[in-house]
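Working notes, beginning with the structure itself.
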Amino acid sequence: MYHALLYYAFVPIDNPEEFANTHRELCQRLELKGRILVSTEGINGTVSGPILACDQYRMSLHEDQRFSSMPFKIDEVDGHIFQKLFVRVKQELVTFRSDLPTDPTRATGRRLSPAEWKERLERGDAIILDGRTDYEFDIGHFRGAIRPDIESFREFPQWIREHLGKNKDTPILTYCTGGIRCEKLTAFMLADGFSNVYQLDGGIVTYGKDTETQGALWDGLCYVFDERIAVEINHTEDRRVVGRCFHCDSSTERYINCAHLLCNRQHLVCPECEAQFSHTCSVACLDRILVPYESL
Ligand SMILES: [Zn+2]
Ligand SMILES: [Zn+2]
């Protein structure tokens, strides 16, 4: 049995290069795979490995005073969910490039536990803002949430100003996969003059593990950035499929990449269309894979 760990912490790391090198050696020794980002503002990672190795990894991070209270979300998985190990130094943990200061250690939206979050959703007096991108939203989201039509997280500041600028005092509830993007997002919103901003503490994956709420009011699956592609969140009877086939608009929860390698578009597809289009996203791409590459 293997575990997958998802975690982040906003804590100052003085020498990220040096930290990343030592950290890479630790992960290699434990034979973990995954993707870890390090910056002067902290750490953000998803790794997989045998349970014992994951336990040792968590212990070793908790022994470091900077990460002593960092929460880990733990999933049981059948094997590695990554092919390789990447430990990278980046300028920002989440690329946001806002024109306002967005230091989550100073001010962020009020944290709601899963039970508080569900209660706020049921009250129905708030704007529910999905803090992710369009293709993540399309396979699953909280019921009633707004789908920001953005392809990358750094488009958020402009999108928020254009679409929510008139709602500075309305309660706004934000959520994302593991919580890290909402830290940035709500820090930005407070800096931009929003007064009533909340975030789902620990993100969607924590909500899906909560035994009290059981993931209620989540529709579809939660997109994840590893080989699993998407995971279950709602464990109640009331679970709806929201994904739609890119070709025929029928219900589906299967994401594939277009088989035309130069396209590679990730799209939702139903079994019939997947066969009919030979795993491609369009007639154009289908035509392309039918001709030999030399003639392209
Ligand atoms: Zn279809
Ligand atoms: Zn294509």
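Things worth noting here:
- Every residue from the range 270-281 that is in contact with a strand residue (DSSP E or B) (Cβ under 9 Å, 6 or more places away or on another chain), touching a residue at least 24 places away in the same chain (Cβ under 8 Å) and within 13 Å of ligand 2 (Cβ to nearest atom): 281
- Residues that are within 17 Å of the chain's Cα centre (by Cα), of a type outside the set (S, T, N, Q) and either under 22 Å from residue 228 (Cα atoms) or part of a helix (DSSP H, G or I) (or both) within the range 15-56 comprise 34, 35, 36, 37, 45, 47, listed in sequence order.
- Some residue of the range 224-231 being touching a Ser or Thr at 6+ places or on another chain (Cβ under 7 Å) and crowded, with 23+ Cβ neighbours inside 10 Å: no
- For the criterion of being within 18 Å of the chain's Cα centre (by Cα), closer than 27 Å to residue 252 by Cβ and not in a strand (DSSP E or B), residue 154 fails.
- Residues that are part of a loop (DSSP other than H, G, I, E, B) and either among the aliphatic types (A, V, I, L, M) or out of contact with any Phe, Trp or Tyr (no Cβ under 6 Å at 6 or more places or on another chain) (or both) within the range 102-130 comprise 103, 106, 107, 108, 113, 124, 125, 126, listed in sequence order.
- Residues in the range 179-222 that are touching a Phe, Trp or Tyr at 6+ places or on another chain (Cβ under 9 Å), hydroxyl-bearing (Ser, Thr, Tyr) and closer than 16 Å to residue 130 by Cα: 186, 198, 207.
- Hits in the range 159-203 - residues which are under 26 Å from residue 43 (Cα atoms), without any contact (Cβ under 8 Å) to a residue 60 or more places away in the chain and of a type in the set (Lys, Arg): none
- Test for residue 239: is it of a type in the set (Lys, Arg), modelled with pLDDT of 95 or more and under 25 Å from the mean Cα position of the chain (by Cα): no
- The one condition in (1) assigned to a loop (DSSP other than H, G, I, E, B); (2) hydrophobic (A, V, I, L, M, F, W, C); (3) modelled with pLDDT of 90 or more that residue 96 fails to fulfil: (3)
- Any hit, the range 232-254, residues being within 13 Å of ligand 2 (Cβ to nearest atom), exposed (fewer than 13 other Cβ atoms within 10 Å of the Cβ) and outside any helix (DSSP H, G or I): no
The values are calculated or read from the model by the stated rules, or taken from the named source; none is laboratory data. Only a predicted model underlies this, so the values are computations on that prediction, with no experimental measurement involved. Cβ atoms come from the backbone with ideal geometry, glycine included; neighbour counts cover every protein chain shown.
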